[in-house]
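In what follows, a structure is listed as structure tokens, so that the remarks can point back to it.
Each value in this text was obtained by applying a stated rule to the coordinates, not by laboratory testing. Treat the numbers as computed from the prediction; the structure is a model and nothing was measured. Ideal geometry is used to build each Cβ from the backbone, glycine not excepted, and the neighbour counts take in all protein chains shown.
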Amino acid sequence: MTTLGVITGLKFEANILRKAAKQTKTTAPMLASVAGNQQRAFDMACGFIDQGASALISFGIAGGLSHEAPVGRLLLPGLIIGEHGSEYIPDKAWRMALLGSLPMQMKPATGPLISLSFALEKEADKRKAHDQTGALGVDMESFGVARAAKARGVPFIVIRAISDAVSDTLPASLVPAMGEDGAILAGALVKGILKNPGDLLHLPAFGIKTAKANRTLRRVALLGLPDFGLGL
């Protein structure tokens, strides 16, 4: 039986999988939220393998870098690009099995994802990343997962849903408000808003768009558990 190790950035992303496992009466995978820390993503993924995980997933939200990746769209990238140009290819057979198991109306994007150690907050930065790499989305955890999978010789895939469009400004107060366990710290968020009062204009819309991405993740979790097509 396949044992999955799943890395998320935020705690609510891991909770989506826990709730879906309960609803589908399946065993939840090994889960860790690393708050965008690439080294911690690598360390936790390696730790899961040491504990018996035979495959890895990077799961959660991602920023959109192109109009091909609108808010709420599922992204199952065929290539992960690191910030220094290193490239990792998710397991092709597993990824294709998952793609084939999803309803056609979900229309997942399959272009590259770039995984950085910092957030892309502004439209100009997002467009530049897309122009330079061709990536459709950006996250902060998948590079660590991909690196661990290659180092330990296990398959991996990336499952991401777009939470902010290329034209959206990511509130600057959000990333510093993430605790090490992926929880949003209210005190740190308030402090960030006081420092960046303009975020008050963007946070409500960002919350609505993140909720749309979460609905996509919930649907994939309910359809994909327990192994997201690895056993097909």
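Some points to look at:
- Between GLN38, GLN105, GLN132, the Gaussian network model of the chain with springs among Cα atoms under 10 angstrom shows the greatest mean-square fluctuation at GLN105.
- Residue order, fewest to most surrounding Cβ atoms within 10 angstrom, among THR8, THR216, THR110: THR110, THR216, THR8
- Spread of Cα-to-Cα distances over 10 Å intervals beginning at zero, given as percent, for segment 46-118: 16, 45, 33, 7, 0
- Here the gap between THR2 and ALA186, fully extended at 0.36 nm per residue and compared with their Cα-Cα distance, gives a gain of 62.5 nm.
- Euclidean distance of C-alpha centroids, segment 40-73 and segment 196-213, integer Å: 23 Å
- Reported label for calculated Cα extents along the principal axes in Å given (i) 61, 34, 31; (ii) 50, 36, 34; (iii) 110, 37, 28: (ii)
- Computed from Cα positions, the angle between helix 142-152 and the longest principal axis of the chain comes to roughly 30 degrees.
- Student exercise, the chain dipole from Lys, Arg, Asp, Glu Cβ charges, in Debye to nearest 20: 660 debye
- Full extension of the chain between SER86 and PHE118 yields a length gain of 9.9 nm, computed as 0.36 nm times the residue separation minus the alpha carbon distance.
- Acute angle (nearest 10 degrees) that the helix 11-24 long axis makes with the longest principal axis of the chain, alpha-carbon atoms: 40 degrees
- The C-alpha atoms of the chain define a longest principal axis, and helix 199-224 lies at about 10 degrees to it.
- Pairs of alpha carbons in segment 136-231 whose separation is greater than 23 Å (percent): 40 percent
- Cross-link table LYS25/LYS150; LYS126/LYS212; LYS92/LYS209; LYS122/LYS209, entries beyond 27 Å C-alpha to C-alpha: LYS25/LYS150; LYS92/LYS209
- Ranked GLU87, GLU121, criterion: other C-beta atoms within 10 Å, fewest first: GLU87, GLU121
- Theoretical gain in end-to-end length, LYS128 to LEU203 [0.36 nm per residue, Cα-Cα removed]: 24.6 nm
- Placing unit charges on the Cβ atoms of the charged side chains and taking the dipole of segment 135-232 about its Cα centre, the candidate lying farthest along the positive direction among ASN214, GLY192, VAL175 is ASN214.
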